[in-house]
Amino acid sequence: MKKIGLIGGITWQSTQLYYQLLNTRVAELLGGQNSCECLIESVNFADISTKQAKGDWNALHTQMTDIAVRLEKSGAEVILICANTMHLSVPTIKEKITVPLLHIAEVAGNAVKEKGCKKVLLLGTKYTMELDFYKDILKNRFGIEVLIPNEADREIVHKIIYSELSKGITTEESKQLYLDIIKKSKKEGAEGVILGCTEIPLLIQQEDCDIVVIDTTKEHAFAAVEFALS
């Protein structure tokens, strides 16, 4: 089994989901008392979110890269960033590490194609929804048409992530706001929705929706296990 290195704390709410999913999946596949071999370096999300809000992406790229390098030196054989937005740092990270990094947008794209969807809604932080780093992979590599919410709805999605989900807070009111946004996208032809923030699965699950739900946290963790056991 290859050792998985996780860049966590972005936020710790989703990092604990990753840890649970990784170990549960290994146990399902190998049985017995098997569990995942992994390393986690967890950051202080207050520091991350402050730099994001200031647009200090260069500092974040350096921080993510330094962590990835430390994980590799500690024995990690594959790197996971336990967050969608911070995949903005992938090009910088790849220049400094020699082990593979599993890109969450590529994993999401594969999941969308497996479900047979051609047009999907992307939900996430405003950075993930508005910048091109994620959408370009879905469009150019997988031929997927990507919808994002209108500006007002993007603000709602983003605010709930940072003010509630990042703290482990879930409310029926926020859930309904998300579901209303998903319903709007269905009217625009969306066949599925990518939960492009690793905290959104705390709020939305497949049983809540009548279109395909791509849980990037689960898909990313399962892809890592598949790689680790290959």
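Measuring r between the beta carbons of Glu188 and Ala53 and using R0 = 30 Å, the FRET efficiency lands at 0.50.
Of all aspartates and glutamates in the structure, the ones whose alpha carbon falls short of 16 Å from that of Lys187, not counting any fewer than 8 places away in one chain, are Glu145, Asp153, Asp210.
P(r) tail, segment 104-216: Cα-Cα pairs separated by more than 21 Å, 27% of all pairs. Remark on Leu39: its backbone amide H falls under 5 Å from those of Ile4, Gly5, Leu6, a criterion applied only to residues 5 or more positions apart or on other chains, H modelled at 1.01 Å from N. For segment 84-230, the relative contact order is 29 percent, taking Cα pairs closer than 8 Å that sit 6 or more residues apart in sequence and dividing their mean separation by the residue count. Computed about the Cα centre, the dipole magnitude for the chain is approximately 340 debye when only Lys and Arg (+1) and Asp and Glu (-1) carry charge, each at its Cβ. With the gyration tensor restricted to C-alpha atoms of segment 49-89, the semi-axes of the equivalent ellipsoid amount to 21, 11, 6 Å, longest first. Comparing mean-square fluctuations of Glu219, Glu72, Glu151 from a GNM of the chain with C-alpha springs under 10 Å, the top value falls on Glu151. Summarising the label geometry, the points placed 7 Å from Cα in the beta-carbon direction at Thr170 and Asn44 lie 2.9 nm from one another.
Using just the helices of the chain, give the 222 nm mean residue ellipticity in deg cm²/dmol: DSSP H runs with n ≥ 4 each add -39,500 (n - 2.57), and the total is spread over all residues, rounded to 500. After summing the helix terms and dividing by residue count, I get -15500 deg cm²/dmol.
Applying the criteria of a DSSP loop state and at most 13 other Cβ atoms within 10 Å to the chymotrypsin sites (Phe, Trp or Tyr not before Pro) of segment 1-108 yields no site. Treating each Cα of the chain as one equal point scatterer and applying the Debye formula with no solvent, the log10 of I(q)/I(0) at q = 0.08, 0.13, 0.17 Å⁻¹ comes out as -0.27, -0.74, -1.28.
Highest GNM mean-square fluctuation among Leu39, Leu165, Leu121, for the chain modelled with Cα contacts below 10 Å: Leu39. The value of relative contact order for segment 122-165, using C-alpha pairs under 8 Å at least six residues apart, is 48 percent. Mean-square fluctuations from a GNM of the chain, with a 10 angstrom spring cutoff on Cα atoms, peak among Asp66, Asp47, Asp132 at Asp47. For Lys2, the lysines whose Cα falls under 21 Å of its own Cα, not counting residues fewer than eight places away in the same chain, are Lys73, Lys94, Lys96, Lys218. Within the straight-line cut-off of under 19 Å between alpha carbons, the lysines reachable from Lys139 are Lys113, Lys115, Lys118, Lys119, Lys126, Lys186, sequence neighbours fewer than 8 places apart in one chain being disregarded.
None of the figures in this text is laboratory data; all of them are computed from the coordinates on show. This is a predicted model, so every value here is computed, not measured. Cβ atoms come from the backbone with ideal geometry, glycine included; neighbour counts cover every protein chain shown.
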